[in-house]
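Shown next, in structure tokens, is the structure this report addresses.
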Amino acid sequence: MISLEKRPTPSRVWTYATPFLAVALTVIAGGLMFAALGKDPVAAIRTIFYDPLFDPQFAAYSRPQLLVKAGPLILIATGLALGFRAGVWNIGAEGQYIIGALTGAAVGLALYPADTRMIFPLMVIVGALGGWAWAMIPAILKTRFNTNEILVSLLLVYVAENLLASMAVGRLRNPEGGGFPGSRNLSQWDSAANPELIANTGMHWGVVAAFIAVIFAYILLNRHLTGFHIRLAGQAPRAARFAGVEPTRLVVLCLGISGALAGLAGIFEVTGPAGQISIDFNVGYGFTAIIVAFLGRLHPIGIALAGLLMALTYIGGELASFMLGIPAAAIQAFQGMLLFFLLAVDVLTNYRVRLGRREASA
Amino acid sequence: MDLSAISPTLLVASLMVAATPILLAALGELVVEKSGVLNLGVEGMMITGAICGFAVAVETGNPVVGFFAAALGGALLSMIFGVLTQFFLSNQVATGLALTLFGLGLSSLLGQGYVGIKPPSTPRLDLGPLSDLPFVGRVVFGHDWVVYLSLILCVAIWYFLRRTRAGLKLRAVGESHDAAHAMGLKVRAIRLAAIAFGGAMAGLGGAYLSLVRVPQWTEGMTAGAGWIALAIVVFASWRAGRVLVGAYLFGGVTVLQLNLQAAGVALPVEYLSMSPYLITIAVLVVMSARGTRRSLGAPADLGKQFHAVH
């Protein structure tokens, strides 16, 4: 008989150890999945985790991609983690990401073909505001009408996707694009481009913003009263209310920050790696960021590391699909599995596992 | 634009078809939530059911077997959620999200070889002269068996929850797991059974999408249907009868916007396509503005972890 005994405080050791344990278990389970698909599991895992970084043939291309992919993931996940800590569930980051990209790009395109570097910062600000405004919808509905923010923020993703489709073939379509859907290429227009800052590193302004966001989130959570309120509201909602924490303010703050950061990620993506507004420029960073937030244990530094690891699975997944013919969907399932294992082993942090019969007096 | 091209008979008939996947999934989630568990993985279970049902129906050539496989697939997937939340005491919101993310990946992995294939058809039941009656014949007697199954299940679930001892036990677990545990009810076992049932129902709903409503397999084809099912449970104040109303209302909106698209309304297609989601949000707002979750009928221990000390 195995039983669980609640720990008085979460175990420090397991807090740090569980993400590693979860990754190890996922690699084993993933290997089994690849074997079931008829692929050599060792080669698959090696192609996903090792080759993108160290293979002489691919590393030159793959290494810069690491930051390109990790940037938006870290940016979005940092914002989401603040909310998750406070018990505010924004799962519509994908929508805020799209709207940020749309609003920012729209402002830039309205000024086309002006030749001034001031356009890019303007687009970034408007993009952040766009994501913020989109996140304010669930925030206001939650605070005014007590509507469930999980459902509203998620449903708004589908609204945003339809809006994107409409814009890519309508208002924002490139007038010189021969009728093809998609906007002008922003990355090739100097005034709006988000270029690689240091050659062959993948470092662009979005990555810079991601690391700034990590530092700010760290300071906010550890050195600031608001951060304390966020943690308190999540861990002990009743105590938080007695301590004078306003839930309304926290909901607006958490959804606002995460929306703005997702919007930022969106505008940096369309001005840089994606290059233009197209029907499917969004590749699900908003959803993967949820996994990143949990893998990083909702801690800013952890999220930075988790974002890099998750970016590696994206790049490794592409490489594995190219080299070994492993379907791209397998990587998505792999990422989902990682979240399962994380949630499962988390029990070790909060509970002690006891073998043998429980005592009646317990 | 020619609105007279929209036939009311066909509109009502196709409304029922459009509503059925969501009705099935929402009824399953209703039972799950009544037992005090919030499973946000409906979308993932639906899409897994959609591909399991589709693949098995194509391989066996029998859609009925396909629906069984879909229910089984949905239930199996839901057991991941069940084990994690009931035995590993994981956060239900996060685990439900994980189930959706994993289900979306798994389904497109399973569906690799099935894109662009036509499934064996699920015919309308032929009820003889009844089906030939004007309007009523098409609307009431002109559907496939799954539509009727969903209606029967709606009544059965109402009866189960309200009128049977087992249903009372399930509700007791949802209202207060500690009290239920003290009374000697097996809280975990009851919740696991409810979760499996919810998974099976979501799987059936998904299979109805891929085998009847569309009928085809495309990645991500559920397009938020699982989330709308979750919203409908809230809309319905956790009552089976109102789940039916909510699902049919939603089906009506979906079908109407599709008809308007076909009739060539001056609005861009994308704006019509987003309307079901917007209306779902609007309905959620109206419902939540009327009172707290508790006063609307949400089970008291919904989403709470159960850890028996004794």
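Can you give the helix-only mean residue ellipticity at 222 nm for chain A, where every DSSP H stretch with n ≥ 4 adds -39500 (n - 2.57) and the sum goes over all residues, rounded to the nearest 500 deg cm²/dmol? Walk me through the numbers on the way to the answer.
Numbers: 15 runs with 250 residues, N = 362.
Computed mean residue ellipticity for chain A: -23000 deg cm²/dmol.
How many percent of the alpha carbon pairs in region A:38-326 exceed a separation of 33 Å?
Numbers: 10382 of 41616 pairs.
The calculated P(r) of region A:38-326 puts 25 percent of pairs beyond 33 Å.
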Could you give P(r) for chain B, binned at 20 Å from zero, as whole percent values over all Cα-Cα pairs? 33, 57, 10, 0
For region B:196-214 and region B:63-103, what is the separation of their C-alpha centers, rounded to whole Å? 13
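With viscosity set to 1.567 mPa s at 4 °C, what whole-number translational diffusion coefficient in µm²/s follows for region A:131-283 from Stokes-Einstein and a Kirkwood radius over Cα pairs? Mind dumping the intermediate values first?
Numbers: Rh = 17.8 Å.
Answer, rounded: 73 µm²/s.
Test of understanding: ordering A:352, B:163 by Cβ neighbours within 10 Å, fewest first, what list do you get? Let's see the in-between values first.
Details: A:352 14, B:163 9.
Lowest to highest Cβ neighbour count: B:163, A:352.
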Normalized C-alpha radius of gyration of region B:167-310, against 2.2 N^0.38 Å? 1.29
For the protein assembly as shown, taking Cα atoms only, what is the radius of gyration to one decimal and the Dmax to the nearest whole Å? 25.0, 78
On Cα atoms only, tilt of B:63-86 relative to the major axis of chain B in degrees: 30
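Treating only the Cβ of Lys, Arg, Asp and Glu as charged (+1, +1, -1, -1), what charge dipole size does region A:38-326 show about its Cα centre? Round to the nearest 20 debye.
Values: 17 positive and 14 negative charges, 208 e Å.
Charge dipole of region A:38-326: 1000 debye, to the nearest 20.
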Mind pulling the angle between the C-alpha long axis of helix A:59-86 and the longest principal axis of chain A? Nearest 10 degrees, somewhere in 0 to 90. 60
Would you mind pulling out the separation of the Cα centroids of region A:242-280 and region A:157-195, in Å? 20
So which residue, out of A:282, A:148, A:185, gets the largest mean-square fluctuation from a GNM of chain A using Cα contacts under 10 Å as springs? A:148
Mind giving me the FRET efficiency for residue B:307 and residue B:10? R0 is 60 Å, r the Cβ-Cβ distance, nearest 0.05 is fine. 0.70
For chain B, calculated [θ]222 nm from helices alone, where every DSSP H run of n ≥ 4 adds -39500 (n - 2.57): -23000 deg cm²/dmol
Number of Lys-Lys pairs in the protein assembly as shown under 19 Å by Cα, sequence gap 8 or more or different chains? 7
Using only Cα atoms and rounding to the nearest 10 degrees, what angle (0 to 90) does helix A:205-223 make with the longest principal axis of chain A? 40
If I model a spin label at residue B:289 and residue A:117 as a point 7 Å from the Cα along the Cα→Cβ vector, what separation in nanometres do I get? 4.9
How large is the direction-averaged shadow of the alpha-carbon convex hull of region B:89-170, in nm²? 10.2
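A short reminder: the numbers here are calculations on the coordinates, not readings from a lab. Worth saying up front: this structure is predicted, and the values here are computed from it rather than measured. Reconstructed Cβ throughout: ideal geometry from the backbone, glycine too, with neighbour counts over all protein chains shown.
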